[in-house]
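These notes are about the structure you will find just below.
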Amino acid sequence: MKALTLFDEIARLAGGIEAEDRHGVVRFFPCTTLSVGAVLVKPNEFEKVEQVANAAAIAKHRAKNSSSGLYIAKREAAIPEKAAI
């Protein structure tokens, strides 16, 4: 929410500003926000790097949808199956 204080009242009410993009085209830019999604990874928890990337993408998506803009994924340790009696 601190980022919004960097915008004037008109921009805050509009939800952003109109300005030229890098190609010189005037367009609307929404007010700046920051979202952080993190995954706590333990050694040997994932078999492939793609699995880590997928978990990070999910965490980022959840951060963007959270009110705080922060999401930390903690994977629970697997519970050993009960031994057959």
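We did not get these values from a lab; they are worked out from the coordinates using the rules stated. Computed from a prediction, not measured in an experiment: that's the story for all the values here. As a convention, Cβ positions derive from the backbone with ideal geometry for all residues, glycine included, and neighbour counts pool all protein chains shown.
Assorted remarks:
- Taking GluC sites (Glu not before Pro) as exposed when DSSP calls them loop and at most 14 other C-beta atoms lie within 10 angstrom, the chain has its longest site-free stretch at 1-44.
- Per-selection Kirkwood Rh - segment 34-76 (Cα, Å, 1 d.p.): 10.5 Å
- Rounded to the nearest whole Hz, the Karplus-based 3J(HN,Hα) values (6.51 cos²θ - 1.76 cosθ + 1.60, θ = phi - 60°) of segment 11-17 follow the sequence 5, 4, 5, 7, x, x, 10, with x at glycine and proline.
- Here the Debye sum runs over all C-alpha atoms of the chain as equal scatterers in vacuum, and log10 of I(q)/I(0) at q = 0.21, 0.22, 0.26 Å⁻¹ comes out as -0.99, -1.03, -1.18.
- Annotation: amide H-H contacts under 5 Å for residue 39 (H modelled 1.01 Å from N, sequence separation of 5 or more, or interchain): 73.
- What the phi angles of segment 68-73 give under the Karplus curve with 6.51, -1.76 and 1.60, with θ = phi - 60°, is a coupling list of 8, x, 10, 9, 10, 8 Hz, glycine and proline written as x.
- Nearest-ten-degree value, helix 49-65 long axis tilted from longest Cα axis of the chain: 50 degrees
- Spin-label pair residue 65-residue 32: with each label point 7 Å from Cα along the Cα-Cβ axis, the two points sit 2.7 nm from one another.
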